[in-house]
Each structure stands twice: as structure tokens, then as C-alpha cells.
1. From the list Gly30, Gly8, which residue is over 22 Å from Cys119 (Cβ atoms), modelled with pLDDT of 90 or more, part of a helix (DSSP H, G or I) and not β-branched (Val, Ile, Thr)?
2. Collect the residues in segment 38-80 that are among the charged types (D, E, K, R) and either surrounded by 12 or more Cβ atoms within 10 Å (Cβ to Cβ) or in contact (Cβ under 8 Å) with a residue 60 or more places away in the chain (or both), keeping them in residue-number order.
3. Take segment 101-126 and flag every residue that is under 15 Å from Ala89 (Cα atoms) and in contact (Cβ under 8 Å) with a residue 40 or more places away in the chain.
4. Within segment 36-49, track down each residue that is of a type outside the set (Gly, Ala, Ser) and under 20 Å from the mean Cα position of the chain (by Cα).
5. Could we say that Cys80 is modelled with pLDDT of 90 or more and part of a helix (DSSP H, G or I) here?
6. Among the listed residues Arg74, Arg62, identify the single one that is in a helix (DSSP H, G or I), closer than 21 Å to Leu123 by Cβ and either modelled with pLDDT under 90 or not basic (Lys, Arg) (or both).
7. Quick test for you: out of Ala21, Ala87, Ala41, pick the one residue that is under 30 Å from Gln124 (Cα atoms), part of a helix (DSSP H, G or I) and not basic (Lys, Arg).
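The values are calculated or read from the model by the stated rules, or taken from the named source; none is laboratory data. A quick note: this is a predicted structure, and the numbers were derived from the prediction, not measured. Don't worry about glycine lacking a Cβ; one is built from the backbone with ideal geometry, like all the others, and counts go over all protein chains shown.
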Amino acid sequence: MLKKIIGGYKTLLISIAQTAALLAVCIGTGFAIVWPLWKFATSEPGIYSICIAFCAAAVLIRFIYYKMHGHSARSVIIFCIRLMLAAAACTACILVILAGHRIFLIPIIAGAFVLSGLCRAFLQEK
């Protein structure tokens, strides 16, 4: 009976130690990744913005390339039209918010949904 009690406490202590170790690893990794990025962003915001934009563009280009790979030209054109529509809607929303005219977000979002539906209806893959 004493062996079972000691075994239960041993299991509990091992679980607590594993949780504490995982927490320490997460905090250390987060600090090792976030602190240099924060330091770079605060010391050189222009260069940081260019680097982030370059990385985002590279990810987007890779996504488009793999989305196009092995598909017909028509489906690639449909995908690019829908992607440009989404990008235009997001850009319009950001510009409207920065201009302070938030009420215009409703027609922009509604128009984006309507245009997306029309694009899907009229440009379906045959």
C-alpha cells in the first residue's frame, strides 16, 4: 500500500516537472524568437517592414505557384481573379478604416461577397 502511495506521488511529481520543463522551453524559445524581431523592428522599422513584406510576398508567390501546378489555364485565371478580388477588398477596407469612414465597410464587404459569388458562378471550371 505504501508502494502505491509513493508511486502516485512519483507520477504526480514527474508530471509537474515535465510541465515545468515544457513551460521553460516555450518561454525560452519565445524569447529567443520574439526579442530579436522586436529589437529589429524598433531600431530599423523601415528595413523591418521591407523584410516582412518580402517574406509575405515570397510565401504568397509560393502558395500561388503550388496552387497553379497541375491545373488548367482557366482554373489558374479563375484563382488569380478571386485572389485579386480578395486583395482589393482587403486594401479597400484598410484604406476606409484609415480614412475614418467605417460606415463604408458594409458596402465594400457586401460587394466583395457579391463579386466573389458572380466570379464563382460565371467562371466555373467546365
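1. Gly30
2. Passing the criteria: Glu44, Lys67, Arg74.
3. Answer for segment 101-126, where residues must be under 15 Å from Ala89 (Cα atoms) and in contact (Cβ under 8 Å) with a residue 40 or more places away in the chain: just Cys119.
4. If the condition is that a residue be of a type outside the set (Gly, Ala, Ser) and under 20 Å from the mean Cα position of the chain (by Cα), then Leu37, Trp38, Tyr48 are the ones that fit.
5. It is false that Cys80 is modelled with pLDDT of 90 or more and part of a helix (DSSP H, G or I).
6. Arg74
7. Just one listed residue meets the conditions, Ala87.
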